[in-house]
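*Asks:* Pasting a structure here, questions to come.
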Amino acid sequence: MAESASIVNTARQGAEEGAAQGAIFVGGSDAMLQTAIWLLVIVGLILLLAWAVRRFTNIGPKSAGAMRVLSALPVGNRERIALVQVGDRQILIGVAPGHVSTLHVFEEPIAPQNAVAPYGSSGAQETHGFGQVLRNTLRTAGRSDSRDSH
């Protein structure tokens, strides 16, 4: 009888160990399923936020009929100077949060009408020519103003 009690105890221990291992496996698959669901939720939120940012902010060049942003040059954290093509005229505007002002209206185009620089670019390659033209224009405008005052 002692022998059968020992066999029963051994079988019970084996069953308990097997059940514990099975519980670990089942808990592991539940944890993996939960992790996968949360991962999908987070990726979905990231995609939703990216869509909302793109939808509700002015990112990228905007063209509306005869109006285009030809180039833009950042001059501060949230301020920039932009060259806008309106019909056959090019207008230099200053853009700040809540305020847009005309800086200069060019009689002759200073930038090719088909050269559109990325609106959010850092200004390294695309706007280098525009920056140089702007500096030259401001220098010549400053010289003509100083001549008028003498």
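The values are calculated or read from the model by the stated rules, or taken from the named source; none is laboratory data. In this text, all values refer to a predicted model and were calculated from it rather than measured experimentally. FYI the Cβ positions are ideal-geometry reconstructions off the backbone, even for glycines, and counts take in every protein chain you see.
*Asks:* Return only the number of the condition from (1) at pLDDT below 85; (2) more than 13 Å from Ala72 (Cβ to Cβ) that Ser121 does not satisfy.
*Replies:* All conditions pass for Ser121, except number (2).
*Asks:* Restricting to region 89-118, what's the tally of residues that are over 23 Å from Arg139 (Cβ atoms), in contact with a Lys or Arg (Cβ under 9 Å, 6 or more places away or on another chain) and either modelled with pLDDT of 70 or more or of a type in the set (A, V, I, L, M) (or both)? Steps first, answer last, please.
*Replies:* Of the residues in region 89-118, the ones over 23 Å from Arg139 (Cβ atoms) are 96-100, 113-114, 116, 118.
Remaining after also requiring in contact with a Lys or Arg (Cβ under 9 Å, 6 or more places away or on another chain): 96-97, 113, 116.
From the residues that got through so far, the ones that are either modelled with pLDDT of 70 or more or of a type in the set (A, V, I, L, M) (or both) too are 96-97, 116.
Result for region 89-118: 3.
*Asks:* Here's another thing I want to ask about it. With respect to Ile81, is the statement that it is in contact with a His (Cβ under 9 Å, 6 or more places away or on another chain), at pLDDT 85 or above and within 25 Å of Val133 (Cβ to Cβ) true?
*Replies:* Details: in contact with a His (Cβ under 9 Å, 6 or more places away or on another chain): no; at pLDDT 85 or above: yes; within 25 Å of Val133 (Cβ to Cβ): yes.
In short, no.
*Asks:* Restricting attention to region 37-55, which residues are of a type in the set (Gly, Ala, Ser) and at pLDDT 95 or above?
*Replies:* Gly44
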